[in-house]
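Enquirer: Before I ask anything, here is the structure I am working with.
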Amino acid sequence: MGVVSPNGIGREAYAAALREGRSGISPLAGMDTTGLRSSVAGQVRDFDPTSVMDASELRRVPRMVPLALCAAREAMEQSGLARWIESGTDLIERQRQVGVALGTGGGGLAFVEEQYRLHFTQHTASLYSIVAGTHGNLSSELSIALGLRGPSHVLSTGCTSSTDALGYAAMLVRSGTVPAMLVGGADAPISRCILIAFEKMRVISTRHWDNPAHASRPFSRDRDGFVLGEGAWMFVVEDADHAAARGARPLVELAGYGSTCDAYHRVQIAPDVVEPARAIEIALADAGTSKEEIGYVNLHGTGTELNDRLETAAVRKCFGPLADRIPMSSTKSMIGHPQGACGAAGVAATILGMQEGVFHPTINLEIPDPACDLDYIPVIARPHRADVTLCNCIAFGSKNSAIVLRRV
């Protein structure tokens with residue numbers, strides 16, 4: 001696992017922040033905020049992109065690339081896969097056995113926005129506008145930097161992007177296409193035009209708080225929208241026998257994956273919540289696990305009125321009376337909503353909770369909402385052992401995805 005998060009850079013810092021309920025949300029910085037109603041974001045502070053890329057290269061890529069590369073290097077190092085590649089007698093053959101699947105929602109949109117600004121104000125633009133602004137090229141940045149010659153693919157399915165990337169990577173490994181994949185999510189969508197568009201959609205928080213850490217309030221009755229975030233969360237997904245042969249110790253088993261589409265609306269969840277519930281059912285069936293075995297659920301939990309209410313209904317539809325005894329929480333309460341990377345952020349948080357026996361809280365859940373009546377682990381982290389867990393994601397375009405993790 002590798003992490004670059006608004007509330008911690010590196011998996012250990014991320015784990016500590018989650019455990020302590022520490023928010024990474026702060027006043028918007030580094031951009032013109034004139035006329036913006038939204039005033040806070042989950043920005044990654046104290047990150048030096050030159051620690052992973054040459055300064056000359058940084059001008060040619062979106063911000064999400066150095067974020068992703070930093071998290072990817074940590075994941076490759078912790079897994080020992082980088083050392084395994086370099087220790088082989090046939091370097092190229094080992095490089096061919098590792099692919100990349102990157103989930104991103106905004107990709108290079110912020111980079112493209114800057115190019116249009118340069119075009120209209122200075123009548124110029126970067127010659128990298130195409131390769132940096134096209135989503136499909138972004139996984140190649142990781143493949144090139146790390147020398148990985150397996151499949152190199154980008155999945156961009158909105159907020160389910162990194163959940164879908166994990167499911168896709170598992171399919172490639174299970175099929176024998178490659179024994180290992182570097183996979184996860186990265187997004188850096190915090191830009192002026194993107195914020196204005198979300199404001200017009202009335203889905204982003206515009207309430208001004210004396211303490212920005214209070215702004216992201218999933219499931220609390222006084223929530224007023226999500227807080228935009230950024231970051232990268234990357235993993236190595238590997239065939240169990242391949243990992244064992246090289247002496248690697250897995251964090252968890254990626255046991256099941258499910259995905260559906262409501263086919264209902266561009267941005268709204270269908271009110272009958274049939275398809276988000278069915279995505280969870282598919283993931284459970286794929287994992288060969290029962291609903292009774294699920295010991296924790298990491299929720300999408302954005303902080304919008306509609307999403308939180310309908311996700312609660314979907315979980316109840318799937319689990320029935322069992323839903324009342326399952327602890328759940330929203331990682332976004334501490335990091336904001338990093339768009340296509342959010343599923344990977346939740347998976348990372350869930351793995352850390354399984355390892356530590358402590359699951360992070362949903363901070364700022366201070367005013368109960370009768371329509372959101374599950375156990376969201378409010379305010380304070382909870383000691384709890386869970387051997388099988390679920391990570392849920394919901395996206396624009398009526399998309400739903402779920403991942404089941406199992407202790408090994």
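Enquirer: What number of residues within the range 51-93 satisfy the criterion of being among the basic types (Lys, Arg), farther than 30 Å from Leu127 by Cα and touching a Phe, Trp or Tyr at 6+ places or on another chain (Cβ under 6 Å)?
Expert: Looking only at the range 51-93, we keep the residues that are among the basic types (Lys, Arg), and these are 59-60, 63, 73, 83.
Then keep just the ones that are farther than 30 Å from Leu127 by Cα; that gives 83.
After this cut, where a residue has to be touching a Phe, Trp or Tyr at 6+ places or on another chain (Cβ under 6 Å) as well, the list is none.
Adding up the residues that qualify gives 0.
Enquirer: Continuing with this model, one more query. Please specify each residue of the range 1-40 satisfying the condition of being in contact with an Asp or Glu (Cβ under 8 Å, 6 or more places away or on another chain) and within 17 Å of His337 (Cβ to Cβ).
Expert: Filtering the range 1-40 for residues in contact with an Asp or Glu (Cβ under 8 Å, 6 or more places away or on another chain) gives 1-3, 6, 9-11, 15, 19, 36-38.
Residues satisfying the conditions are Val3, Pro6, Leu36, Arg37, Ser38.
Enquirer: Checking Ser216 against (1) in contact (Cβ under 8 Å) with a residue 12 or more places away in the chain; (2) closer than 30 Å to Asp286 by Cα, which single condition isn't satisfied?
Expert: For Ser216, the exception is condition (2).
Enquirer: Go through the range 6-31 residue by residue and tally those that are out of contact with any Leu (no Cβ under 6 Å at 6 or more places or on another chain) and either outside the structural domain of Ile190 (by TED's automatic domain parsing) or more than 18 Å from Pro212 (Cα to Cα) (or both). Don't jump to the end; show me each part of the working.
Expert: From the range 6-31, those out of contact with any Leu (no Cβ under 6 Å at 6 or more places or on another chain) are 6-14, 16-31; that's our starting set.
From the residues that got through so far, the ones that are either outside the structural domain of Ile190 (by TED's automatic domain parsing) or more than 18 Å from Pro212 (Cα to Cα) (or both) too are 9-14, 16, 19.
The number of residues fulfilling the criteria is 8.
Enquirer: Still on this structure, I have one more. Any chance you could count how many residues in the range 5-36 are loosely packed, with under 14 Cβ neighbours inside 10 Å and closer than 23 Å to Ala197 by Cα? Quick ask: steps written out before the conclusion?
Expert: Going residue by residue through the range 5-36, those that are loosely packed, with under 14 Cβ neighbours inside 10 Å are 12, 27, 29-30, 32, 34-35.
Add one more test, that the residue is closer than 23 Å to Ala197 by Cα, and what stays is 27, 29-30, 32, 34-35.
The number of residues fulfilling the criteria is 6.
Enquirer: Let me ask something else about it. Only one of Ala277, Ala270 is surrounded by fewer than 23 Cβ atoms within 10 Å (Cβ to Cβ), assigned to a loop (DSSP other than H, G, I, E, B) and touching a residue at least 40 places away in the same chain (Cβ under 8 Å). Can you tell me which?
Expert: Values: Ala277 fails: assigned to a loop (DSSP other than H, G, I, E, B).
From the options Ala277, Ala270, the qualifying one is Ala270.
Enquirer: Follow-up question, since we're still on this one. Which condition does Cys193 not pass, out of (1) crowded, with 17+ Cβ neighbours inside 10 Å; (2) in contact with a Leu (Cβ under 9 Å, 6 or more places away or on another chain), if it passes all the others?
Expert: Going through (1) crowded, with 17+ Cβ neighbours inside 10 Å; (2) in contact with a Leu (Cβ under 9 Å, 6 or more places away or on another chain) one by one, Cys193 breaks only (1).
Enquirer: Of the residues Arg63, Arg59, only one is surrounded by fewer than 16 Cβ atoms within 10 Å (Cβ to Cβ) and either touching a helix residue (DSSP H, G or I) at 6+ places or on another chain (Cβ under 7 Å) or in the same structural domain as Val237 (by TED's automatic domain parsing) (or both); which? If you could, list the steps in order and put the result at the bottom.
Expert: Working: Arg63 fails: surrounded by fewer than 16 Cβ atoms within 10 Å (Cβ to Cβ).
After ruling out the rest, the residue left standing is Arg59.
Enquirer: Let me ask something additional. Would you mention how many residues in the range 118-144 are surrounded by fewer than 18 Cβ atoms within 10 Å (Cβ to Cβ), among the aliphatic types (A, V, I, L, M), in a helix (DSSP H, G or I) and modelled with pLDDT under 95?
Expert: Matching residues across the range 118-144 total 3.
Enquirer: Working only within the range 311-352, note down all residues that are in a loop (DSSP other than H, G, I, E, B) and under 10 Å from the mean Cα position of the chain (by Cα).
Expert: Thr331, Pro338, listed by residue number.
Enquirer: Within the range 80-98, track down each residue that is among the charged types (D, E, K, R), outside any helix (DSSP H, G or I) and within 17 Å of Glu238 (Cα to Cα). Explain how you work it out, then say what you get.
Expert: Narrowing the range 80-98 to residues among the charged types (D, E, K, R): 83, 86, 90, 93-94, 96.
Imposing the further condition that a residue be outside any helix (DSSP H, G or I) reduces the set to 90, 96.
Residue satisfying the conditions is Arg96 alone.
Enquirer: Of these, Val408, Val404, which one is touching a strand residue (DSSP E or B) at 6+ places or on another chain (Cβ under 6 Å), modelled with pLDDT of 95 or more and in a strand (DSSP E or B)? Before you say what the answer is, go through the steps one by one.
Expert: Details: Val408 fails: in a strand (DSSP E or B).
Selected residue: Val404, the only one of Val408, Val404 that is touching a strand residue (DSSP E or B) at 6+ places or on another chain (Cβ under 6 Å), modelled with pLDDT of 95 or more and in a strand (DSSP E or B).
Enquirer: Identify all residues within the range 45-63 that are outside any loop (DSSP other than H, G, I, E, B), of a type outside the set (A, V, I, L, M, F, W, C) and within 19 Å of Gly107 (Cα to Cα); write none if there are none.
Expert: As a first pass, look at the range 45-63 and keep what is outside any loop (DSSP other than H, G, I, E, B): 49-51, 55-58.
Pick out the ones that are also of a type outside the set (A, V, I, L, M, F, W, C) and you get 49-51, 56-57.
Answer for the range 45-63, where residues must be outside any loop (DSSP other than H, G, I, E, B), of a type outside the set (A, V, I, L, M, F, W, C) and within 19 Å of Gly107 (Cα to Cα): Pro49, Glu57.
Enquirer: Moving to a separate point now. Of the numbered conditions (1) assigned to a helix (DSSP H, G or I); (2) in contact with a Leu (Cβ under 7 Å, 6 or more places away or on another chain); (3) touching a residue at least 60 places away in the same chain (Cβ under 8 Å), Leu254 fails exactly one; give the number of that condition.
Expert: (1)
Enquirer: What is the one condition in (1) at pLDDT 95 or above; (2) farther than 21 Å from Met354 by Cα; (3) of a type outside the set (Ser, Thr, Tyr) that Leu284 does not satisfy?
Expert: Exception for Leu284: condition (2).
Enquirer: Can you tell me how many residues within the range 197-210 are at pLDDT 95 or above and exposed (fewer than 15 other Cβ atoms within 10 Å of the Cβ)? If you could, list the steps in order and put the result at the bottom.
Expert: Narrowing the range 197-210 to residues at pLDDT 95 or above: 197-206.
So of that shortlist, the ones also exposed (fewer than 15 other Cβ atoms within 10 Å of the Cβ) come out as 197, 200-202.
Residues flagged as at pLDDT 95 or above and exposed (fewer than 15 other Cβ atoms within 10 Å of the Cβ) within the range 197-210 amount to 4.
Enquirer: Under 6 Å by Cβ, and 6 or more places apart or on different chains, what pairs join a residue from the range 348-362 that is within 16 Å of Val408 (Cβ to Cβ) with one that is of a type outside the set (A, V, I, L, M) and surrounded by 24 or more Cβ atoms within 10 Å (Cβ to Cβ)?
Expert: These pairs meet every condition: Thr350/Asn298; Thr350/Thr389; Thr350/Cys391; Gly353/Phe359.
The values are calculated or read from the model by the stated rules, or taken from the named source; none is laboratory data. Just so you know, these numbers come straight off a predicted model, no measurement behind them. Virtual Cβ from ideal backbone geometry, glycine too; neighbours counted across all protein chains shown.
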